[in-house]
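Everything on this sheet refers to the single structure shown next.
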Amino acid sequence: MRRPCGVLPVWPAVLCAACGVLASVRAQAQGWNGSLALASDNLYRGLSLSSDRPAWLVDLRYPIGTEWTLGLGASGAIGERRPEQDSAMEQVVLRVDRHWQIDADWSARLGVAHYDEPWSFWRNQLRYDEISAAIGYRGRWSLSLALTPNRTSVYARSRYERSGVATWTEATFRQPIVERLAADFGVGYAALSHSGDHDYGYISTGLSYGIDDVDLYLAYVWTDATAPRYWWDVDGRPVRSRWLASVIWNF
């Protein structure tokens, strides 16, 4: 099943930006760094990408100077994979980010990314491109906006497909408590109506604690009942609120 025509993807811009960064930036790269995580669910923007099952996540970053970062991410569910999935790895992400340190308190980011599920039978419906921007204050407050021109809706019951523009807006806040213990709050809104799904909101609240290179997270996540689910998740009622636990090793 092919993606409907008429939408200009930004995926070529990701490669062009990556090539431009490597060709134009004179500063020496600092080398790869990243994180490896295990979580009770792979929740992304209020939705489960692992069918409400435990998941692993890898995030690799290659900083170039102090302004640019190339990123590669991958994730997958732990345990038996979905029938239409040919690999334990589910989603992969390639991104290019530009960072600004505006002053001692404020920072900003602008990026492009490509999301893909290359081993899925529904790959044409699940891959999309994205442009995002964010602004942060002292590493505590952040506000971000993401836009994709080519998100495809996959209705769980009618199997009706439509492609269009979608946006996500998120605000997060971190309040340090003592040492490396902090409280985390987040709220987001997904505007998916132009790509064929219902709009929905999501909220999270929790605690995080750091031990050397390891971060521990425990959060409670609520997702609006209008949030979409995919064809393979039609059995049972969707999970709209849940506890999420994760451990992240940073290297």
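The values are calculated or read from the model by the stated rules, or taken from the named source; none is laboratory data. Everything numeric here is computed off the predicted structure, so don't read it as measured data. Glycine also receives a Cβ, built like all others from the backbone with ideal geometry; neighbour counts cover every protein chain displayed. Areas reflect the complete protein model, heavy atoms only, side chains present, ligands, DNA and RNA absent. Shrake-Rupley method; radii C 1.70, N 1.55, O 1.52, S 1.80 Å.
Between V221, V214, the distinction of being over 29 Å from I102 (Cβ atoms) and in contact with a Lys or Arg (Cβ under 7 Å, 6 or more places away or on another chain) belongs to V221 only.
A search for C-beta distances below 6 Å between a residue of region 107-119 that is within 18 Å of L143 (Cβ to Cβ) and open to solvent by less than 30 Å² (accessible area, probe 1.4 Å) and any residue that is of a type in the set (G, A, S) and not in a loop (DSSP other than H, G, I, E, B), counting only pairs 6+ apart in sequence or on different chains, returns G111/S132. Within region 187-200, if we keep just the residues that are without any contact (Cβ under 8 Å) to a residue 24 or more places away in the chain and touching a strand residue (DSSP E or B) at 6+ places or on another chain (Cβ under 8 Å), the residue that is least open to solvent (accessible area, probe 1.4 Å) turns out to be V187.
Within region 67-88, the residues that satisfy the criterion of being of a type in the set (A, V, I, L, M) and either modelled with pLDDT of 65 or more or open to solvent by less than 30 Å² (accessible area, probe 1.4 Å) (or both) are L70, L72, A74, A77, I78. Would you say V165 is surrounded by fewer than 17 Cβ atoms within 10 Å (Cβ to Cβ), touching a Pro at 6+ places or on another chain (Cβ under 7 Å) and modelled with pLDDT of 95 or more? It is true that V165 is surrounded by fewer than 17 Cβ atoms within 10 Å (Cβ to Cβ), touching a Pro at 6+ places or on another chain (Cβ under 7 Å) and modelled with pLDDT of 95 or more. In the list D184, D103, which residue meets the criterion of being among the charged types (D, E, K, R), farther than 28 Å from G65 by Cα, without any contact (Cβ under 8 Å) to a residue 40 or more places away in the chain and open to solvent by 20 Å² or more (accessible area, probe 1.4 Å)? Being among the charged types (D, E, K, R), farther than 28 Å from G65 by Cα, without any contact (Cβ under 8 Å) to a residue 40 or more places away in the chain and open to solvent by 20 Å² or more (accessible area, probe 1.4 Å) holds for just one of D184, D103, which is D184.
Candidates L22, L38, L60: the one that is touching a Ser or Thr at 6+ places or on another chain (Cβ under 9 Å) and either modelled with pLDDT under 50 or open to solvent by less than 70 Å² (accessible area, probe 1.4 Å) (or both) is L60.
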